[in-house]
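Participant: This structure is in structure tokens; I'll ask about it shortly.
The values are calculated or read from the model by the stated rules, or taken from the named source; none is laboratory data. Computed from a prediction, not measured in an experiment: that's the story for all the values here. We place every Cβ from the backbone using ideal geometry, glycine too, and count neighbours over all the protein chains shown. Ligands, DNA and RNA are excluded from the accessible area calculation, which covers all protein heavy atoms including side chains. Shrake-Rupley method; radii C 1.70, N 1.55, O 1.52, S 1.80 Å.
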Amino acid sequence: MSIGEVLLEKGLITAEHLARAMDMRRRTGQRLDRALIELGCVSERQLLEVISEQYGIPMVDLSDVQIDVETLRSLPPKLVYRRGLVPLEKQNGTLRVATSDPFDLYSFDEVRMLTGLEIQPVLAPSEDIQSVIKTYYGVGGETIDEMMDSADLEVINDDQGDGEDLLEMAQEASVIKLVNEIFLEAVKERATDIHIEPYEHDLKIRYRIDGVLQETTMPVQIRRFQAAIISRIKIMAHLNIAEKRLPQDGRIQLKIGGRQFDVRVSVIPMLYGEGVVMRLLDHSTVRFTLTELGMADDTLELFHQLISRPHGIILVTGPTGSGKTTTLYAALREIVSPAIKVVTVEDPVEYHLEGVNQIQVAPKIGLTFARGLRHILRHDPDVVLIGEIRDLETAEAAVQAALTGHLVFSTLHTNDACSSATRLLDMGVEPFLVTSTVEAAMAQRLVRTICPECKEPYEPDPARLPADFNYQPGEPLWHGQGCRKCRGTGYYGRTGLFELMVTSDRIREHVMNRSPAGQILAAAKAEGLRLLREDGWLKVRHGITTPEEVIRATKA
């Protein structure tokens, strides 16, 4: 019985599916099983399970298999990448090899000739095999292998070669492919930043995933192609490839899998070459609504009321990368309509919002936040977003906009909500102007959420929990055990912690008296302010995140 007939008998495909696959086989010469997968009639895992049952070839879960490094080295990387094979273990003259294609007998013969061992195939999906190959052989390993063999590509050190050599080298097809693989892996792993860091004997590449840097496995030979990789990135970002002594900033526009990415590139000269950091801005990820940010119901309801006010300033505070821009964009998406004109002035414009007029700051030609704000007020906006209040000039322009009947959103770099008023006072804004315009300030942080695939309850050791977490003995908490989906971290995705302070009469009185932030905080807490840390403990109790994450992101 053919594999198609077995799948039909098991009800995994229909007669129509089989007919379409047979037609594709006749037209293209493709094998029937591959045609069924390509047409989406059956998943690769389902097909492998049927093949395993039919031919007695065992299936393996590669995430549970301990792979011996010496066994991995028994096959050249080029063969592993090209054939999609993972050598698992050697025993009594037999080599167990994981494959997603048990009918590729030529590959088994090649391995048998190279190793002199009998081959015992086991089955695993190609996605799992590729994941293991990247883990042990490194991202771009096949490309590096090709580059090592290439006589056309000359490897030079950073202090050799002129701009023309670098340009020629950076435009080699293998270098282009390698840099593309670095970007593709970053997108696949949901990275927000790529760090390329040169050391004396190594070139490290780290991805920031869910706010935490994670080193990725790279082939050891990648250090030899450092100059080529960095020159390629410079060309993509329209930077000067011959300039290696000064920092440079640029931008790259990418389209990966139908998604648009804006990549902000920063190149800085370091001791052993140039270091590169690239921030990946995915235009599709801004489609958050306020309800998806992770605000508690009472905070969300209050924030809704605030953004519906006719005028005033609403500030979102926190360090870089705490999600301030995402929160403000979600607020704009909530209120934008044909009846409301919204204008933003940003540096840079990170995401494009439908129905919102966005202005890019250009300090080199004198278009600052303050100047842009003064001019956009002549365009009769109802709502204004200022990317960041950095100085007195911008602060005064924001205050003026609020006083003249506009709702102003902006961000500040302060550690908590209560420090925002004192920060404006420190800039030089008069207390009566702060109390007249600032309606609310919201501090926020991002914490990683527990991976839903490996989430499990546990009972913690109370002695290891912080004193401000009121843990009840026997109360279950949750954590992630670690799985393939979360790269063994136990976390997948992020959510926000929020601290929303509304400017009450009592707080205005403290601001007028120039009271320190501690007194403003005490007054806000007396009126029911929930601190970032307290919001974190709520999310721990609801099984959203872990105590370790709250401790990492907030202070007691």
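Participant: Stokes-Einstein diffusion coefficient for the range 263-316 at 10 °C in a medium of 1.306 mPa s, Rh from the Kirkwood formula over Cα pairs: what value in µm²/s?
Facilitator: 105
Participant: Shifting gears a bit: At 1.4 Å probe size, with every protein chain present, just tell me what the per residue accessible area of the chain comes to in Å².
Facilitator: The answer is 48 Å² per residue.
Participant: Taking a virtual spin label 7 Å from the Cα of ALA522 along the C-beta vector, which residues in the range 417-439 bring their backbone nitrogen under 19 Å of it?
Facilitator: 417-423
Participant: Sum -39500 (n - 2.57) across every DSSP H segment of at least 4 residues in the chain, then divide by the residue count to get the 222 nm mean residue ellipticity, nearest 500.
Facilitator: -11000 deg cm²/dmol
Participant: Right, next: No partner Cβ under 4.7 angstrom, meaning no disulfide-compatible partner by this rule: which Cys of the chain qualify?
Facilitator: CYS41, CYS418
Participant: What does the charge count around PHE369 come to, taking other residues whose C-beta lies under 9 Å from its C-beta (Lys +1, Arg +1, Asp -1, Glu -1)?
Facilitator: So the environment of PHE369 carries a net charge of -3.
Participant: Count charges around ARG484 for me, please; just the other residues with Cβ under 11 Å from its Cβ, Lys/Arg as +1, Asp/Glu as -1.
Facilitator: Here the count lands on -3.
Participant: In whole Å, what are the extents of the range 362-510 along the principal axes defined by its C-alpha atoms, from largest to smallest?
Facilitator: The principal-axis extents, from largest down, are 58, 39, 25 Å.
Participant: Using 0.36 nm per residue of separation minus the Cα-Cα distance, give me the extension gain between LEU254 and GLU53 in nm, one decimal.
Facilitator: 68.0 nm
Participant: I need the calculated FRET efficiency for the pair GLU197 and HIS413, taking r as the beta carbon distance and R₀ as 25 Å, to the nearest 0.05.
Facilitator: The calculated FRET efficiency here is 0.45.
Participant: Would you mind checking the pairs LYS204/LYS234; LYS341/LYS525; LYS255/LYS539 and listing those with alpha carbons more than 24 angstrom apart?
Facilitator: LYS341/LYS525; LYS255/LYS539
Participant: Starting from the Cα-Cα distance between ALA339 and ARG45, subtract it from 0.36 nm times their residue separation and give me the gain in nm to one decimal.
Facilitator: My answer for the length gained is 100.6 nm.
Participant: OK, next. Quick check: the angle from helix 517-526's long axis to the longest principal axis of the chain, C-alpha only, nearest 10 degrees?
Facilitator: Orientation of helix 517-526: about 90 degrees from the principal axis.
Participant: Please work out whether the range 19-63 counts as rounded, prolate or oblate from its C-alpha gyration tensor, where a ≥ b ≥ c are the square roots of the eigenvalues and a/c under 1.5 means rounded, while otherwise a/b larger than b/c means prolate and anything else oblate?
Facilitator: Verdict is prolate for the range 19-63.
Participant: Considering only the chain, what is the antiparallel percent among its DSSP beta bridges, to the nearest 5?
Facilitator: Counting DSSP beta bridges with both partners in the chain, the antiparallel share is about 65 percent.
Participant: Dipole of the chain, Cα-centred, from +1 at each Lys and Arg C-beta and -1 at each Asp and Glu C-beta, to the nearest 20 debye?
Facilitator: In debye, rounded to 20, the chain gives about 900.
Participant: Can you give the extra length, in nm with one decimal, that the chain gains between MET22 and ALA173 once fully stretched, where that is 0.36 nm per residue apart less the Cα-Cα distance?
Facilitator: Gain in length upon complete extension: 50.7 nm.
Participant: Sticking with this structure for a sec: Taking a spot 7 Å from the Cα of ARG552 along the direction of its beta carbon, which residues of the range 471-514 have an amide N less than 16 Å from it?
Facilitator: Those under the cut-off are 478-483, 486-497.
Participant: How far, in degrees from 0 to 90, does helix 173-188 lean away from the longest principal axis of the Cα atoms of the chain, to the nearest 10?
Facilitator: Approximately 60 degrees, to the nearest 10.
Participant: When a/c is below 1.5 the answer is rounded, else prolate if a/b is larger than b/c, else oblate, so apply that to the range 288-427 with a ≥ b ≥ c taken from the square roots of the Cα gyration tensor eigenvalues.
Facilitator: It comes out rounded by the Cα gyration axes.
Participant: Using 7 Å Cα-to-Cβ label points, what is the THR217/ARG484 separation (nm, one decimal)?
Facilitator: For THR217 paired with ARG484, the spin-label model returns 1.4 nm.
Participant: Can you check what the net charge comes to around ASP347, using other residues whose Cβ is under 15 Å from the Cβ of ASP347 (Lys, Arg +1; Asp, Glu -1)?
Facilitator: Combined, the nearby Lys, Arg, Asp and Glu give 0.
Participant: Which aspartates and glutamates have a Cα less than 14 Å from the Cα of LYS78, not counting those fewer than 8 places away in the same chain?
Facilitator: Result set, ordered by chain and number: GLU110, GLU142, ASP145, GLU146, ASP149.
Participant: Where the accessible area of the range 410-556 is counted over protein heavy atoms with a 1.4 Å probe, how much of it, in %, is carbon and sulfur?
Facilitator: So the carbon and sulfur contribution to the accessible surface is 49 percent.
Participant: Rounded, prolate or oblate: which fits the range 180-253 when a ≥ b ≥ c are the square roots of the eigenvalues of the alpha-carbon gyration tensor, with rounded for a/c under 1.5 and prolate only if a/b beats b/c?
Facilitator: The shape class here is oblate.
Participant: A further question follows. Any idea how far apart ARG541 and MET113 come out in nm if each label point goes 7 Å out from Cα toward Cβ?
Facilitator: Between ARG541 and MET113, the label points sit 6.8 nm apart.
Participant: How much of the DSSP bridge set in the range 1-131 is antiparallel, in percent, rounded to the nearest 5?
Facilitator: If we restrict to bridges inside the range 1-131, about 40 percent are antiparallel.
Participant: Would you mind getting me the FRET efficiency between HIS352 and LYS78? Use the beta-carbon distance for r and R0 = 35 Å, nearest 0.05.
Facilitator: Once rounded, the FRET efficiency stands at 0.25.
Participant: Sort ILE222, ILE256 by accessible area with a 1.4 Å probe, largest first.
Facilitator: These residues rank, largest area first, as ILE256, ILE222.
Participant: Any idea what angle helix 105-115 forms with the longest principal axis of the chain, computed on alpha-carbon atoms, 0 to 90 degrees, nearest 10?
Facilitator: Helix 105-115 sits roughly 90 degrees off the main axis of the chain.
Participant: So, one more: Report the antiparallel proportion of the DSSP beta bridges in the range 335-427 as a percent, rounded to a multiple of 5.
Facilitator: Bridges in the range 335-427 that DSSP calls antiparallel: roughly 15 percent.
Participant: If you take the beta carbon distance between GLU534 and ASN180 as r and set R0 to 41 Å, what does 1/(1 + (r/R0)^6) give as a FRET efficiency, to the nearest 0.05?
Facilitator: Calculated value: 0.35.
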